[in-house]
Amino acid sequence: MRKGKRKSAEVRDKMNKAKESGRFEPVSLHPYIDLNRCSCIGSGACVRAYPEQDILWLINGKATVINATACIGHGTCFHACPVEAISVRIGTEKRGVDLPHVKPDYETNVPGIYIAGELGGMGLIKNSAEQGIQAVRTAHNNRPEQSEVEVDLAIVGAGPAGIAAALEAKCLGMKAVILEQGSLGGTVFTFPQQKVVMTRPMDLPLYGPVKLVNTGKHELLDIWTDAIEKHNIEVRERHKVDAIHRAAGAYT
Ligand SMILES: Cc1cc2nc3c(=O)[nH]c(=O)nc-3n(C[C@H](O)[C@H](O)[C@H](O)COP(=O)(O)OP(=O)(O)OC[C@H]3O[C@@H](n4cnc5c(N)ncnc54)[C@H](O)[C@@H]3O)c2cc1C
Ligand code: SF4
């Protein structure tokens, strides 16, 4: 008991130091535990799962974020928690990024524009891919009866969300193009060569199950490249979208 109290005091000390040095309020991805509705049972699985030091710790038997700015957003704690007490978010109330207004079906407050993945505030490879698929299903359900357009769907960004979205669009018979300012793979493409990419098995449309868990970026990039090439999906790399305009019921 006494040992537990001493540990909690040490953790609070670390938290205070992180606050003093401005490392407590992250602008990018970090674990989030809603203390008001917290279902944390104090198993500590998240603390053990985190390969980085001193991001999460237990205070009085509840998981607590002590230095969120050290998070690199791979979501190991999120996956490890047996009771889903943790989510992975961008920014905070005090030091946040403005998140777009997105409905549960991924359509934004601008009809016909959908947001999936990290831009919507909930990152990680598997989540982003799944959201990309869901967003396209909504777009498919909402598609106009008849329209003379060059493509049914212009996808901005060839990250996990955009790639899964493009494959789902193909699956549903929609003509899609991906516009990517960088390279296929999005943020994953930019990972260091030796980085261990931690993810969960997921289903990729037209490809099937991707059973990778702890892997390298090249394994994922190879799967995505194969699927995109095999299904003749157009990816325009090094194409930045600067603005979107609406004219005659379509977007340009
Ligand atoms: C260092 C680091 C390590 C991580 N490790 C892991 C991990 O191990 N496991 C895990 O699950 N997640 C990890 N993540 C998080 C994961 O990479 C992201 O959550 C995921 O890539 C989000 O996918 P996305 O498709 O939503 O966005 P992104 O992968 O960010 O793709 C968005 C793409 O859109 C493009 N784009 C943006 N604006 C424009 C524009 N105007 N015109 C054209 N293109 C545009 C960008 O160039 C980018 O390629 C990590 C993140 C970082 C930074
Ligand atoms: S794994 Fe989940 S339940 Fe266990 S300490 Fe972490 S947040 Fe709490």
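Among DSSP beta bridges lying fully in the chain, give the percent that are antiparallel, nearest 5. So the antiparallel bridges in the chain amount to around 70 percent. Magnitude of the charge dipole for the chain, about its Cα centre and with charges confined to Cβ atoms of Lys, Arg (+1) and Asp, Glu (-1), is about 1540 debye. Placing +1 on each Lys and Arg Cβ and -1 on each Asp and Glu Cβ, with no other charges, gives region 174-252 a dipole about its Cα centre of roughly 180 debye.
Calculated [222 nm] ellipticity per residue, helices only, for the chain: -9000 deg cm²/dmol; basis is -39500 (n - 2.57) per DSSP H run with n ≥ 4, divided by all residues, nearest 500. For the residue pairs 62/126; 103/217; 17/62, the alpha carbons lie more than 22 Å apart in 62/126; 103/217. Take the convex hull of the alpha carbons in the chain; its mean projected area over all directions comes to 15.2 nm². In whole percents, the pair-distance distribution calculated for region 117-251 from its alpha-carbon pairs, binned every 5 Å from zero, is 2, 10, 20, 24, 21, 12, 6, 3, 1, 0.
Where a number appears in this text, it was derived from the coordinates with a stated rule and is not lab data. Quick caveat, the model's predicted, so the values are computed rather than measured. Cβ sites come from the backbone with ideal geometry, for glycine too, and all protein chains shown count toward neighbours.
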